[in-house]
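Undergrad: Dumping the structure here so I can ask a few things about it.
FYI, it's all coordinate maths here, none of it is from the lab. Every value quoted in this text rests on a predicted model; they were computed, and no experiment measured them. All Cβ positions, glycine included, derive from the backbone under ideal geometry; neighbour counts span all protein chains shown.
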Amino acid sequence: MKEITILSGKGGTGKTSVTGALAALAESCVFCDNDVDAADLHLLFQPEVREEHSFASGLKSFIDISACTQCGICADHCRFEAIHVMENGEYVINPFQCEGCRLCERVCPAEAIRSEKSTNNAWYVSDSRFGQLVHARMAPGEENSGKLVTRVRKKAKELAKAEGADYIINDGPPGIGCSTIASLSGTDIVLVIIEPTMSGLHDAKRLVDLARTFQVLIFAVINKFDINLDITTVIEEYLKIEKISLLAKIPFDENMVKAMTVGKTIFEYRTDSEAGNQLKLVWNALKEASLTT
Amino acid sequence: MERKLCKIAIASGKGGTGKTTLSVSLYQQLKDRFEGKIQLVDCDVEEPNDLLFFSSAKLISSRPVYQLIPEIDTGKCNFCRKCADYCEFNAIVVIPPAGFAEVNSSLCHSCGACLIACDQGAITEHPVSIGDISTYQSEAGDNLAEGKLKIGSAMQTMLIKELKKEDTAGLDMVIYDAPPGTSCPVVATVSDADYVVLVTEPTLFGLHDFKLMVELMRELKIPFGTVVNKAGLGDEEVYNYIRKEKIELLGKIPFNRDFASKYAKANLFSDIPGNILENLKKVADRIVDVICNEIEIPA
Ligand code: SF4
Ligand code: SF4
């Protein structure tokens, strides 16, 4: 079983559309949405949820004002500036700033602080027309997205093993922070979706530098390559120097946009399209590569 | 004229909706109105891009930002495991029979709890770089600040908080370009903003992520309005939602291939298509009216 993770550095380059297209082509595959912060893959998969699990993310601490003596020791210790004194002298913890380290609870001489796990986050195992999908919903403002990514990936692996699937395809998060790091570790193949803009290239480079620190095979696709041919050429040169093989150049195709508006993959929307043909090349190359990793 | 510092943040749940385009363009629109006393702060520290649009900007200052990582001196440690119990992030491994005690720096949040736990004085902290904060200026009077996360670091939120502590003396306005998403780095960016501009696009994904953003703004109780980018593409759903939720629509930026290719080449300052320029001006007017002149803010 091989794990393929689709990433881009920059957001909005077409990761989810590409994942959807590959889903329509792939057989024997479990899917996993690693972009837990802005999970979108389910909009395309329209999955039927089979299991729902709550995910206890980090702790949040609270001050019991009736027990608090307003000594201020907690606020002195908090390194996240999460503890504030109100005009009336009361101490409160801003839950959006609290990192959940419990240091305040431990140093409070009045034992006025307790901590609770936030259970606002959930993850799901679902069935869809493409196969099983593991996805999540993270409540806005939550942290620990990296841990939630690790959780959904673990489940996807279990499912893939159980059904003897050949592949797991992960739709990754944007950026290069904790959730991207959690998406990269232990995956076999990374497919980088680059759009031909200066920002797209800049962000893809940072992503490649990060991916290099893991044991992964890296491939690239230029999406909407014809919206800027000059930058496409610059990207091709960059990939050549980095020895990253470019699997396809996907043209800007209105059908891709239209397919998305109705929640379909390109292949379900149009049986024959240039973007679709390029995506077939991508999938064939990934299949071949996964035999050699 | 003395003014209170106005802080606005440009955010969007989904990536690629045009946050950077809008931040950079609005900065340009507002620059003259604030007589140059305005700074664009790129808080998308994982992938900072704003600087790409200011090719003549020169580096003014740069400083590294450190996270404090504890280190355990096994010579002083009695392997009581108290530090490991205190660490909520599972960053400390102590194996008494093996005489092993170590901090895993990639899991450490630098909270300081282990230092309080240890009564043997075995733990000391050492700075480890998580990224840089730099400021740039151009002869045209542009003024930028940027945080750039070190590759491999997971401390984006801490870097954003540090970036926002940069000196704002002499400024009347700052524009924060937020990272995509709705999780803690976004909260760190928008939390003290006077007003947030949510950029969305009229697509299925755009609307879904926009709703999450609206939920977050309401939870944080920050006034906000929205700009629909790539108007004309996709469908009407996003407008129906904006109407239903009584969200202020600050403007629409029509989808325009020429404008998109100008963005691609990182050139957003000259020959802006007329209907886009008009809309940008409208958004800028409204921002000045709404927050800087403290005209009542629609709930
Ligand atoms: S500083 Fe906090 S997170 Fe880091 S090792 Fe110590 S207790 Fe754990
Ligand atoms: S608390 Fe101090 S003495 Fe105890 S295991 Fe940790 S470092 Fe060693």
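Undergrad: Per DSSP helix of 4 or more residues, -39500 (n - 2.57); summed, then divided by the residues of chain B. What does that give at 222 nm, rounded to the nearest 500?
TA: Numbers: 9 runs with 87 residues, N = 299.
Helices in chain B give a 222 nm mean residue ellipticity of -8500 deg cm²/dmol.
Undergrad: Angle, helix A:15-25 long axis vs. longest principal axis of chain A, Cα atoms, 0 to 90°, nearest 10?
TA: 50
Undergrad: List the relative contact order of the stretch B:89-214 as a percent without decimals, with contacts defined as Cα pairs under 8 Å and 6+ residues apart. It would help to have the intermediate numbers written out before the result.
TA: Numbers: 99 pairs, mean separation 15.8, N = 126.
Worked out over the stretch B:89-214, it gives 13 percent.
Undergrad: Starting from 0.36 nm per residue, how many nanometres of slack lie between A:VAL107 and A:LYS161 once their C-alpha separation is accounted for?
TA: Working: separation 54, 0.36 × 54 = 19.44 nm, distance 4.61 nm.
Difference between extended and current length: 14.8 nm.
Undergrad: Still on this structure: Set the bar at 27 Å for Cα to Cα. Now go through B:LYS246/B:LYS281; A:LYS2/A:LYS243; A:LYS243/A:LYS264 and name every pair that lies beyond it.
TA: A:LYS243/A:LYS264
Undergrad: Can you classify the protein assembly as shown as rounded, prolate or oblate using the Cα gyration tensor, where a ≥ b ≥ c are the square roots of its eigenvalues, rounded means a/c under 1.5, and otherwise it's prolate if a/b beats b/c and oblate if not?
TA: Oblate shape, in that a/c is at least 1.5 and b/c is the bigger or equal ratio.
Undergrad: Mind checking which lysines have their Cα closer than 20 Å to the Cα of B:LYS244? Skip sequence neighbours fewer than 8 apart in that chain.
TA: B:LYS211, B:LYS221, B:LYS252
Undergrad: Further, regarding this structure: Using just the C-alpha positions of the stretch A:87-188 as equal point scatterers, what log10 of I(q)/I(0) does the Debye formula give at each q in 0.20, 0.21, 0.22 1/Å?
TA: Log-scaled intensity ratios, in q order: -1.08, -1.15, -1.22.
Undergrad: Could you state the orientation-averaged shadow area of the convex hull built on the Cα atoms of the stretch B:221-274, in nm² to one decimal? Show your work: numbers first, answer last.
TA: Working: hull surface 20.2 nm².
Quarter of the Cα hull surface area: 5.0 nm².
Undergrad: Please give me the summed charge of the neighbours of B:ILE95: other residues whose Cβ is under 10 Å from its Cβ, Lys and Arg +1, Asp and Glu -1.
TA: Net charge in that neighbourhood comes out at 0.
Undergrad: Follow-up. Quick query: amide H of B:VAL41 versus all other amide H atoms, modeled in the peptide plane; which residues come in under 5 Å with a sequence gap of 5 or more or a different chain?
TA: B:ALA145, B:ILE175, B:TYR176, B:ASP177
Undergrad: Using only the alpha-carbon atoms of the stretch B:164-254, report the extent along each of the three principal axes, biggest first, to the nearest angstrom.
TA: Extents along the principal axes: 44, 25, 21 Å.
Undergrad: Here's a follow-up. Taking the Cα centre as origin and putting +1 on Lys and Arg beta-carbons and -1 on Asp and Glu beta-carbons, what dipole magnitude results for the stretch B:66-129, to the nearest 20 debye?
TA: Rounded to the nearest 20 debye, it is 100 debye.
Undergrad: Still on this model: Are there any trypsin sites (Lys or Arg not before Pro) in the stretch A:178-280 that are in a DSSP loop and have at most 11 other Cβ atoms within 10 Å? List them by number.
TA: Within the stretch A:178-280, the qualifying trypsin sites (Lys or Arg not before Pro) (loop, at most 11 other Cβ atoms within 10 Å) are A:LYS243.
Undergrad: I need to check one value: relative contact order of chain B, counting alpha carbon pairs closer than 8 Å and at least 6 residues apart, in percent.
TA: 26
Undergrad: Let me ask you something else. Could you tell me the distance between the Cα centroids of the stretch A:120-163 and the stretch B:192-251, to the nearest Å?
TA: Cα centres, the stretch A:120-163 to the stretch B:192-251: 27 Å.
Undergrad: What is the total of Lys pairs in the stretch B:1-97 with C-alpha atoms under 18 Å apart, excluding same-chain pairs fewer than 8 positions apart?
TA: Eligible lysine pairs with Cα atoms under 18 Å apart amount to 8.
Undergrad: Next up: What value in Å³ per residue do you get for the convex hull of the alpha-carbon atoms in the stretch A:121-163?
TA: It comes to 63 Å³ per residue, whole-number rounded.
Undergrad: As I understand it, the value is the acute angle between the Cα axis of helix A:274-292 and the longest principal axis of the Cα atoms of chain A; what does it come to in degrees, rounded to 10?
TA: Value to nearest ten degrees: 80.
Undergrad: With charges set only on the Cβ (+1 for Lys and Arg, -1 for Asp and Glu), what does the dipole of chain B come to about its Cα centre, in debye to the nearest 20?
TA: I would put it at about 300 debye.
Undergrad: Scan around B:GLY36 for amide H atoms under 5 Å from its own, H built in the peptide plane at 1.01 Å from N, and keep only partners 5 or more places away or cross-chain.
TA: Residues meeting the amide H criterion: none.
Undergrad: Moving to a separate point now. For the stretch B:203-281, which trypsin sites (Lys or Arg not before Pro) pass both filters: DSSP loop (anything but H, G, I, E, B) and at most 12 other C-beta atoms within 10 Å?
TA: Passing sites in the stretch B:203-281 are B:LYS221, B:LYS246.
Undergrad: Starting from the Cα coordinates of the stretch B:40-159, work out the convex hull volume and express it per residue in Å³.
TA: 103
Undergrad: Along the Cα→Cβ direction, 7 angstrom out, place labels at B:SER55 and B:SER105. What is the inter-label distance in nm?
TA: Between B:SER55 and B:SER105, the simple spin-label model gives 3.8 nm.
Undergrad: Right, next: Largest first and to the nearest Å, give the Cα extent of the stretch B:66-129 along each principal axis.
TA: 32, 19, 19
Undergrad: A further question follows. Enumerate by residue number the trypsin sites (Lys or Arg not before Pro) in the stretch B:156-199 meeting two conditions: DSSP loop (anything except H, G, I, E, B), and at most 11 other Cβ atoms within 10 Å of the site's Cβ.
TA: When the trypsin sites (Lys or Arg not before Pro) of the stretch B:156-199 are filtered for loop state and at most 11 Cβ neighbours within 10 Å, B:LYS165 remain.
Undergrad: For peptide B:216-224, what's the mean number of Cβ atoms from other chains within 10 Å of each residue's Cβ?
TA: Counting Cβ atoms of other protein chains within 10 Å of each residue's Cβ and averaging gives 2.
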